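In what follows, a single structure is set out as structure tokens and then discussed.
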Amino acid sequence: MTETETSQQPAAAPKRRKISLTTKIMIGLVVGLVVGWIKPSWGVNSFFLRDIFLNLIKSVISPLIFSTIVVGIASEGDIKRVGRMGVKALIYFEIVTTFALFIGLGVVNFTKPGIGVTLSKSTAELSQIAQNHPKTLIETIVHIFPSNIFDAMAKGDVLQIVAFSILFAAAVMAMKERGRPILQWCESLAHVMFKFTEFIMNFAPIGVGAAMAHTIGHQGPGVLINLGKLIGSLYLALIIFVVVVLGAVAIIIRLPIKQFLMAIREPFTIAFATTSSESALPKAMEMMERFGVPNRIVSFVMPTGYSFNLDGTTLYLAVASIFVAQAAGIHFTLGQQLAMMFTLMITSKGVAAVPRASMVILLATCASFGLPAAGVVVILGVDELMDMARTSVNVLGNCLATVVIARWEGVFDDELAKQFRPDSIEEAL
């Protein structure tokens, strides 16, 4: 080819920069907010898109948790190490959620959002919620062990799936070579589920946008004026908790904070818009593994945290219970408030498989301390807006918990964490 011919060749087209999934989700979030605000009827009627996305995500959770736990534990070959890791996780969960309770208590006493609020006379909205009740400690322990694993998977009962998967993994280990085909099958299932999640996440911007449009269209901007102080108090308390408590934890464990924030931004945003921790679970598990946390820790700590490490929900319960007391004009001494916090600390551990769990716990606490159920009716009006914040903080707290336990076990991969890029494609789990 001559020099003239070479010069006539068309220049290579510049590579178009690919829009990241996070950017698409944020665009969907903003579009949904605008649609819900300007055209509320469209926002309310878009719920089916949100539900399609949530249903697809829920279909992944049971097989994903089962396969990753079995692979993580059976490949490890040491059930005692799993038990030790479980004890460490429970200790960490209890310490962090206790801090969440006291921060919520401090903020709500400072801002006093319930003063001047008029309580509703009707409690009809609570009738269906009141049919449920928080489980006692004994009921929670019994509930952990499923009588029918297929029923537990159909209901999406994470705690029961975790318990069954651990016992199943122990049995696979005990079979040694004869159990290897099962282990290989679970490895393949885990890969397929992560790939399936990748497909579903292409629909995430639409699902997230519809969820935001439905929330704003249904609630309307008016609720921000009527109960803005309550919403602001919760958001303030959650920000303090994240910055002070989780920030201190991050410093102690030498967390690469910039890379960690990049890792959690997608699951955090999904949880915020959909008000569902389940919707963020598959992506959060995938990101934490890519961030440098071993599979056996991610697959155990994160699902377990969905029952025992609900930092945002625990803090919300502290704020909401004192708000009801303030709105009812009932003055609680510091001792009575501490007793209430202790009650919440115990009952909040028994929320597994309870519909509208936070409301069930709040109703039970109000009844125990003589607070009117009408106060909970007031909160129901803005609960969805507050649910966004507490759910996303739950996801953030559980992601951080996996790194804490990995560091505690001495298996966190610092090099992988420092090199983390959210849009990188990894073929291997």
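None of the figures in this text is laboratory data; all of them are computed from the coordinates on show. Computed from a predicted structure; not experimentally measured. Glycine gets a Cβ as well: all are built from the backbone with ideal geometry, and neighbour counts include every protein chain shown.
General remarks:
- Beyond 22 Å in Cα-Cα separation lie the following of the pairs LYS258/LYS283; LYS283/LYS418; LYS176/LYS283; LYS58/LYS195; LYS195/LYS283; LYS24/LYS229: LYS176/LYS283; LYS24/LYS229.
- Rounded to the nearest whole Hz, the Karplus-based 3J(HN,Hα) values (6.51 cos²θ - 1.76 cosθ + 1.60, θ = phi - 60°) of region 146-153 follow the sequence x, 8, 9, 5, 5, 5, 4, 5, with x at glycine and proline.
- Kirkwood radius for region 252-409, taken over all pairs of different Cα atoms as the inverse mean of 1/r, rounds to 16.6 Å.
- Counting neighbouring beta carbons within 10 Å and listing from fewest to most, the residues HIS214, HIS143 come out as HIS143, HIS214.
- If you take the Cα centroid of region 148-221 and the Cα centroid of region 361-405, the two points sit 24 Å apart.
- Among 329-337, 144-152, the peptide with the highest mean count of other Cβ atoms within 10 Å heads the list, and the full ranking is 144-152, 329-337.
- Computed over region 207-305, the P(r) curve from all C-alpha pair distances, binned at 5 Å from the origin, holds 2, 11, 14, 20, 21, 14, 10, 6, 2, 0 percent per bin.
- 20 °C / 1.002 mPa s Stokes-Einstein diffusion coefficient of region 165-214, Kirkwood radius on C-alpha pairs, µm²/s: 160 µm²/s
- Most to least packed among 97-105, 181-189 [average Cβ atoms within 10 Å]: 97-105, 181-189
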